[in-house]
Amino acid sequence: MHKKIRAFTLVELLLVVTIILILAGMVIPRMAGRTEQARRAAAKVDIDTNIAMALDLYELDNGKYPTTEQGLQALVAKPASAPVPANWNGPYLKKKKMPIDPWSRSYIYVSPGIHNPEDYDLYSYGPDGVEGGGDDINNWEESHTQE
């Protein structure tokens with residue numbers, strides 16, 4: 001007694017593979033653009049929330065933000081350079097290491113800030129790693145006037 005084995009034909013398999021390739025061709029390009037968008041969003045969250053909160057806690061404890069020379073390292077280890085904070089209660093960053101942007105570069109910190117003279121400027125040069133060019137991510141409002 002022979003059992004009839006039913007299988008897919010070569011044409012059916014080719015049709016399924018073709019449909020999968022067409023779907024992948026439509027989905028993959030859309031996903032590729034999302035990677036860079038997600039990196040930019042992560043940098044913005046770091047700048048506006050994560051690092052900003054750590055800097056605010058530092059300022060609350062010590063009465064001022066770290067100097068440019070002390071930098072973001074002051075959030076991880078007590079600065080030894082003047083002005084040495086008397087009430088340092090860090091580390092202020094949860095991971096206890098220097099933050100880097102999603103492109104594996106250090107964030108730039110300036111205090112007092114050029115754009116925020118009352119506190120600090122914090123920014124990343126973005127995907128191209130070069131200042132300017134419209135892809136920088138920062139903690140200040142951009143002026144809409146041309147100089």
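Nothing in this text is a laboratory measurement; each read-out follows from the coordinates by a stated rule. Quick caveat: nothing in here was measured; it's all calculated off a predicted structure. Positions of Cβ are backbone-derived with ideal geometry, glycine not excepted, and every protein chain shown enters the neighbour counts.
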Between helix 51-62 and the chain: long-axis angle, C-alpha atoms, 0 to 90°, nearest 10:
20
What percent do you get for the relative contact order of region 38-138 when only Cα pairs under 8 Å and 6+ apart count?
24
Can you order the peptides 44-53, 8-17 by their average number of other Cβ atoms within 10 Å per residue, highest first?
44-53, 8-17
For the chain, what is the calculated [θ] at 222 nm in deg cm²/dmol (nearest 500), taking -39500 (n - 2.57) for each run of four or more DSSP H residues and dividing by its residue count?
-11500 deg cm²/dmol
Could you state the angle between the C-alpha long axis of helix 10-45 and the longest principal axis of the C-alpha atoms of the chain, as a value from 0 to 90 degrees rounded to the nearest 10?
10
Could the peptides 90-99, 70-79 be put in order, highest first, of the mean number of other beta-carbon atoms found within 10 Å of their residues?
70-79, 90-99
Cα radius of gyration and Dmax for the chain (Å)
25.3, 94
